[in-house]
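Working notes, structure below.
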Amino acid sequence: MNEGDYTWGLFSIPFCHKKIQNWKEKKSELLKLKEKNIPYIKEENIFTDFHSEYNYSQKLEKILKEELDIIYLKFEVRNYFVRKSWIEVSEKNMDHKPHNHGALGLSAVLFLDFNPKYHEPTHFISPIGNFETGDTTYFIPSNVDEGSLIVFPSMINHFTIKNDSNVPRTIISFNMSKKIY
């Protein structure tokens, strides 16, 4: 090898999978957010409260403070906060088409009611195709279960596949961004 030659990954995309500590207690608190009299509207092919005026971001941030503090350190970001949060429920034959959450910040999926026997986690679409075939490549996180929190850059396209079971899949999704003073 000549001096100055090197091989290096050109870009990398940060991704974090964190298990929620004290899951049973925190799940109980999180379910209270879901039990509010908020209408879940069928949008595209999921039930969600995304367009509800009710915002539980501060409550969510308080419940997950320990985990979010660690995640912010791992992503090396400062002065971040939960900007928007919502719940999604996928019943039988429901899925969520490919989408992203905008060009800035971080997004998260917290698996609230999730059974790996019946459900698959969120799938991620690589922004770079396979360089030999041009095919789209995907990332599917491993070891996801109830109480798993996955965090990724908001600009990454992602989706869920069809729920083939009679067991609903429920997640809390949220976006985080830098505080502007």
(message) Rolling a 1.4 Å sphere over the protein heavy atoms, what is the accessible area per residue of the chain, to the nearest Å²?
(response) 62
(request) Rounded to the nearest 500, what is the 222 nm mean residue ellipticity of the chain from helices alone, with -39500 (n - 2.57) per DSSP H run of 4+ residues and division by all residues? (result) -4500 deg cm²/dmol
(message) Report the gain in length on full extension from residue 142 to residue 29: 0.36 nm times residue separation, minus Cα-Cα distance, nm rounded to one decimal.
(response) 38.1 nm
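Could you size up the charge dipole of the range 67-181 around its Cα centre, putting +1 on the beta carbon of Lys and Arg and -1 on that of Asp and Glu, and report it in debye to the nearest 20?
With Lys and Arg at +1 and Asp and Glu at -1, about 500 debye.
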(request) Specify the residue with the greatest mean-square fluctuation among 102, 147, 134, computed from a Gaussian network of the chain linking alpha-carbon atoms under 10 Å apart. (result) 134
(message) Over the chain, what is the relative contact order in percent, taking alpha-carbon pairs closer than 8 angstrom and at least six residues apart?
(response) 32
(message) What do you get for the angle between helix 23-34 and the principal long axis of the chain? Use alpha-carbon atoms, 0 to 90 degrees, nearest ten.
(response) 70
(request) Go through 112, 75, 57 and say which Cα lies farthest out towards the positive end of the charge dipole of the chain; charges sit on Cβ, +1 for Lys and Arg, -1 for Asp and Glu. (result) 57
(message) Let me make sure I get this right: for the range 55-181, a, b and c are the square roots of the gyration tensor eigenvalues over alpha carbons, sorted descending. Under 1.5 in a/c it's rounded, otherwise prolate if a/b > b/c, else oblate. Which is it?
(response) oblate
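Of all accessible surface on the range 82-181 at a 1.4 Å probe, what whole percent is carbon and sulfur?
Carbon and sulfur atoms account for 53 percent of the accessible area of the range 82-181.
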(message) How big is the dipole moment of the range 40-80 about its Cα centre under a simple scheme where the beta carbon of each Lys and Arg is +1, that of each Asp and Glu is -1, and everything else is neutral? Debye, nearest 20, please.
(response) 140
(message) Rolling a 1.4 angstrom probe over the protein chains, ignoring ligands and nucleic acids, what is the accessible area of residue 118 in square angstrom, nearest 10?
(response) 100
(request) Mind pulling the angle between the C-alpha long axis of helix 65-74 and the longest principal axis of the chain? Nearest 10 degrees, somewhere in 0 to 90. (result) 10
(request) First check a/c for the range 1-103, with a ≥ b ≥ c the square roots of the eigenvalues of its C-alpha gyration tensor; if it is under 1.5, answer rounded, and if not, answer prolate when a/b is larger than b/c or oblate otherwise. (result) prolate
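The values are calculated or read from the model by the stated rules, or taken from the named source; none is laboratory data. Every value quoted in this text rests on a predicted model; they were computed, and no experiment measured them. No Cβ is skipped: glycine too gets one built from the backbone with ideal geometry, and neighbour counts run over all protein chains shown. Accessible surface is based on the protein model in full, side chains and every heavy atom, while ligands, DNA and RNA are left aside. Shrake-Rupley method; radii C 1.70, N 1.55, O 1.52, S 1.80 Å.
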